[in-house]
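Structure first, commentary second.
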Amino acid sequence: MKIAYIYDAVYPWIKGGAEKRIYEIGKRLADKGHEVHWYGIGWWFDGNNSRTIDHDGIILHGVCEPMQLYVDGRRSIKEAIYFAEKLLPKLVKERFDVIDCQEFPYFPCFTAKVHSLFRRTPLVITWHEIWDKYWFEYLGKKGLFGWIVERLTAKLISKNIAVSERTKKDLESLGVKNVKVIHNGIDFKKIESVKPSEEESDIVFAGRLIKDKNVDVLIKAISLIKREISDIKCIIIGDGPEKEKLMKLAKELRVENNVKFVGFLENHDDVIAYMKSSKVFVLPSTREGFGIVALEANACGLPVVTVNHGRNAACDFINGENGFVCELSAENLAEKILIGLEMGKIVRRKCVENAMKYDWNRITELIESFYEGLI
């Protein structure tokens, strides 16, 4: 098959769940003999590189020069429209057996639809999350524009993939039918090969330091746990606009010696190494389209403590045997973390068994079969 993926952010220059999904599936499909293309922003442009390059078997097409994805901490609407505009003349030059476009940032889906009609190519939209009313929380009254565009995108085609059961239900609430769930995954063998970090900790968090991740609640929970375990240690991996506030909060609560901020780690193996030298992984996020990082923690043998919230798909695969779901409060989070610390060794095997079900090789087989069914 000749397959095209469309997403402006490209791995490894941008490291998020959607980018990782395309990369992991794409390179495996290429290994199986399929011709895989990825149309995105040319993050690799440096004046010398070609606009089209081969990356681990995936043919990358740079649609336009690098641009800012975020403005004032929010995804740029200008970038999304510009990318969608520049995409069409690049896309129409080629014929594909199937096109898989990521739903966000919406506008490229309409460009892909035009190409699909013109070339009579099956088009799939992969949905990572539905924002619905969250648009108004995110943008205030201006959120009406995002709310409308999301609903128009949902009605664009009849072939849709959801990365989680929660996203499928959210799509169905918008009137979308016959949604196929194909989860995100992890590279289990690679995780197995990583050695633990020499620096040990009790609790570890990994993610972008933004409001939705609620790392402030984790820090408050640490201050409560400290009353019982004076030398409790938490590693926070990641960077973002909330970092300074969080460091200030740790100091105010007198847990600056218990909480260590290690920043963004370029090598993902270093993230896995920190997980393997810890005891509990905490993801207090209220917005996760899937939560690959939680599965990676399970693969390392760590129970996951996450938050019960309508926009947090990570709690869908946390079942009490591989982790614990709590309410978004410092008290409840601290309670579940203490349980995780106590039961960590007991639930370790269940954590690993759960993670094995989501190996990228299995996910690739499922999506390959789905594509073949379309053509």
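Answer yes or no as to whether residue 10 is modelled with pLDDT of 95 or more and part of a loop (DSSP other than H, G, I, E, B).
Values: modelled with pLDDT of 95 or more: yes; part of a loop (DSSP other than H, G, I, E, B): yes.
When the stated conditions are applied, residue 10 passes them.
Where in segment 264-375 are the helices (runs of 4 or more DSSP H), entirely inside, with at least 3 residues that are under 22 Å from residue 26 (Cβ atoms) and in contact with a strand residue (DSSP E or B) (Cβ under 9 Å, 6 or more places away or on another chain)?
Values: elements: 268-276, 292-299, 330-356, 360-374.
Result: 292-299, 360-374.
Quick one: which residue in 253, 265 is more than 23 Å from residue 224 (Cβ to Cβ) and surrounded by fewer than 21 Cβ atoms within 10 Å (Cβ to Cβ)?
Details: 253 fails: more than 23 Å from residue 224 (Cβ to Cβ).
On inspection, the qualifying residue turns out to be 265.
Of all helices (runs of 4 or more DSSP H) completely enclosed by segment 145-241, which ones contain at least 2 residues that are among the aliphatic types (A, V, I, L, M), in contact (Cβ under 8 Å) with a residue 24 or more places away in the chain and open to solvent by less than 20 Å² (accessible area, probe 1.4 Å)?
Numbers: elements: 165-173, 188-193, 215-225.
Because the criterion is at least 2 residues that are among the aliphatic types (A, V, I, L, M), in contact (Cβ under 8 Å) with a residue 24 or more places away in the chain and open to solvent by less than 20 Å² (accessible area, probe 1.4 Å), the helices (runs of 4 or more DSSP H) in segment 145-241 that meet it are 215-225.
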Could you look through segment 1-39, keep only residues that are basic (Lys, Arg) and over 12 Å from the mean Cα position of the chain (by Cα), and pick out the one that is most open to solvent (accessible area, probe 1.4 Å)? 32
Here are some conditions: (1) under 14 Å from the mean Cα position of the chain (by Cα); (2) part of a helix (DSSP H, G or I). Residue 251 meets all but one. Which one does it not meet? (1)
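Kindly establish whether residue 121 is polar (S, T, N, Q), over 20 Å from the mean Cα position of the chain (by Cα) and either surrounded by 15 or more Cβ atoms within 10 Å (Cβ to Cβ) or at positive phi (or both).
Working: polar (S, T, N, Q): yes; over 20 Å from the mean Cα position of the chain (by Cα): yes; either surrounded by 15 or more Cβ atoms within 10 Å (Cβ to Cβ) or at positive phi (or both): yes.
So residue 121 fits the description; yes.
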Which residues, counting only those in segment 120-129, are of a type in the set (A, V, I, L, M, F, W, C) and out of contact with any Gly (no Cβ under 9 Å at 6 or more places or on another chain)? 123, 124, 125
Pairs, first among the charged types (D, E, K, R) in segment 98-125, second open to solvent by 10 Å² or more (accessible area, probe 1.4 Å), C-beta under 6 Å, six or more apart: 113/156; 119/95
Which of the residues spanning segment 124-144 are open to solvent by less than 10 Å² (accessible area, probe 1.4 Å) and in contact with a helix residue (DSSP H, G or I) (Cβ under 6 Å, 6 or more places away or on another chain)? 125, 127, 143
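The values are calculated or read from the model by the stated rules, or taken from the named source; none is laboratory data. Predicted model only: the values in this text are computed from it and were never measured. Glycine gets a Cβ as well: all are built from the backbone with ideal geometry, and neighbour counts include every protein chain shown. The protein model used for the area step is the full one, side chains on, heavy atoms only, and it has no ligands, DNA or RNA in it. Shrake-Rupley method; radii C 1.70, N 1.55, O 1.52, S 1.80 Å.
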